[in-house]
Amino acid sequence: MARVKSWSVALVLIVCMSLSYLGNAADDSGLGASFIFGDSLVDAGNNNYLPTLSKANIPPNGIDFKASGGKPTGRYTNGRTIGDIVGEELGVPNYAIPYLSPNATGKAILYGVNYASGGGGIMNATGRIFVNRLGLDIQIDYYNITRKQFDKLLGPSKAKDYISKRSIFSVTIGANDFLNNYLLPVLSIGARISESPDAFIEDMISHLRNQLTRLYQLDARKFVIGNVGPIGCIPYQKTINQLNQNECVDLANKLAMQYNGRLKSLLTELNAKLPGSTFVYANVYDLVMELITNYDKYGFVTASKACCGNGGQFAGIIPCGPTSTMCQDRDKHVFWDPYHPSEAANLIIARQLLYGTTKYISPMNLKQLRNL
């Protein structure tokens, strides 16, 4: 049952922006805070504090995460997320703290806050199969609370400058809106009868436009938005559809590509409409598809089989847990579990987003966005 938060991967990505950490957050130089919104690709532990079926705070998740000594933290991978890696590459010392963590108080939030939640989506109905999760609307509600806390910590004038000029807002979301909403058997059948794919995607874009505009109204100015990755190629989808290793689910990928086209247009629209804003588009779909198609060139032995999981040819049915079969060559698998990339894959993705060309990140890469 899915934690299918695939990698919107993007997302992941972005998400990535755990640029989170920056040295002395309250000084007058360098990056400010990293605010991370999204799904399980970037969840750093929020779902640990929810009564939900989507959790990753069980072994062997986190087995290669050095900061915890190999203990699970709630990250849906074996090691670092893309956000973690981005932060390290930029030399910042602390990870953005999960909003629901008891430690998310006082000066700890000055480095950044992570609101992401496994199972979350753009639409409020997305992920209801997991019972509880934080959708993007609720994540922004929580940021609104954080925004007021910044005023108290720094004073209104300095807080506004710190957030609007020095902080980065990353949004990695959308895959669950397909995998755990529109395409989900039984639960979504009514929606699919009443709403065409075009109409559903327009609904997603309309909601996202309002959500990003709301963040802008709360002083966000630097944004990085990940598109939806090739969700038809994850081990879960290949397994349940009984595909060969070089095949992907056509409908899922077509929906992702259609949404991605509308997302790119939306960001162009918002860049023009919202004064002083910079919206960066992370093309996670093409980046991950390159990794899947040419996995051997990047040192992987498979882009089809999950390292940790059970069920079917690609270990893609049962999520990673204590009773799962786990590979020994974890750095040779593109996928850690039926839905999420391994740390090794995250490393390649993060570096492209940090330093890459407009093929994968436009109109500028993340290092350029930080220095803007």
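Read-outs throughout are calculated quantities, based only on the coordinates presented, and are distinct from any laboratory measurement. What you see is a predicted model, and the numbers here were worked out from it, not measured in a lab. Backbone-built Cβ (ideal geometry, glycine too); neighbour counts: all protein chains shown.
Over segment 201-281, the alpha carbon radius of gyration divided by the compact-protein estimate 2.2 N^0.38 Å works out to 1.36. Can you give the FRET efficiency to the nearest 0.05 for residue 362 and residue 141, using r as the Cβ-Cβ distance and R₀ = 35 Å? According to the calculation, E is roughly 0.70. Taking the chain as a Gaussian network of alpha-carbon nodes connected by springs under 10 Å, the highest mean-square fluctuation of the residues 308, 327, 248 belongs to 327. Extension gain, residue 301-residue 242: 0.36 nm per intervening residue step, less the Cα-Cα distance, totals 19.2 nm. The modelled label-to-label distance between residue 206 and residue 332, using points 7 Å beyond Cα along the C-beta direction, is 5.1 nm.
Computed from Cα atoms, the angle from the helix 250-273 axis to the main principal axis of the chain rounds to 10 degrees.
Estimated translational diffusion coefficient (Stokes-Einstein, Kirkwood radius over Cα pairs, 25 °C, 0.890 mPa s) of segment 69-132: 179 µm² per second.
As a proxy for reagent exposure, 301, 86 were ordered by neighbouring Cβ count within 10 angstrom, fewest first; the result is 301, 86. Think of each Lys and Arg Cβ as +1 and each Asp and Glu Cβ as -1; about the Cα centre, that makes the dipole of segment 49-121 roughly 200 debye. Per-residue packing, averaged as other Cβ atoms within 10 Å, sorts the ranges 329-342, 356-369 into the order 329-342, 356-369, beginning with the highest. The Cα atoms of segment 310-372 define a convex hull whose projected area, averaged across directions, is 5.7 nm².
Counting pairs of Cα atoms in segment 30-161, how many percent are more than 23 Å apart? Within segment 30-161, distances greater than 23 Å cover 33 percent of Cα pairs. Length gained on full extension, residue 105 to residue 325: 75.4 nm, using 0.36 nm per residue less the C-alpha separation. Taking Cα atoms only, the orientation of helix 343-355 departs from the longest principal axis of the chain by about 40 degrees.
Here, segment 230-372 is characterised by an Rg to Rh ratio of 1.04, where Rg is the alpha-carbon radius of gyration and Rh the Kirkwood radius. Roughly what angle does helix 197-217 make with the longest principal axis of the chain, taking Cα atoms, 0 to 90 degrees, to the nearest 10? Rounded to the nearest ten degrees, it is 20. For residue 67 and residue 124, a Förster radius of 35 Å and the Cβ-Cβ distance give a FRET efficiency of 0.60, rounded to the nearest 0.05.
What's the long-distance tail for the chain, i.e. % of Cα pairs beyond 30 Å?
Cα-Cα pairs of the chain separated by over 30 Å account for 29 percent.
Here the chain is treated with +1 on each Lys and Arg Cβ and -1 on each Asp and Glu Cβ, and its dipole about the Cα centre works out to around 620 debye.
Each of 361, 226, 159 was scored by the projection of its Cα onto the charge dipole of the chain, and the greatest displacement toward the positive side belongs to 159; charges sit on the C-beta of Lys, Arg, Asp and Glu. Spherically averaged projected area of the convex hull of Cα atoms, segment 132-184: 4.5 nm². Per residue, the average separation of C-alpha pairs within less than 8 Å and at least 6 apart gives segment 23-177 a relative contact order of 33 percent. Using the Cβ-Cβ distance between residue 355 and residue 194 with R0 = 35 Å, the FRET efficiency computed as 1/(1 + (r/R0)^6) comes to roughly 0.20. Spin-label model, residue 268 to residue 49: label points 7 Å out along the Cα-to-beta-carbon direction sit 4.0 nm apart.
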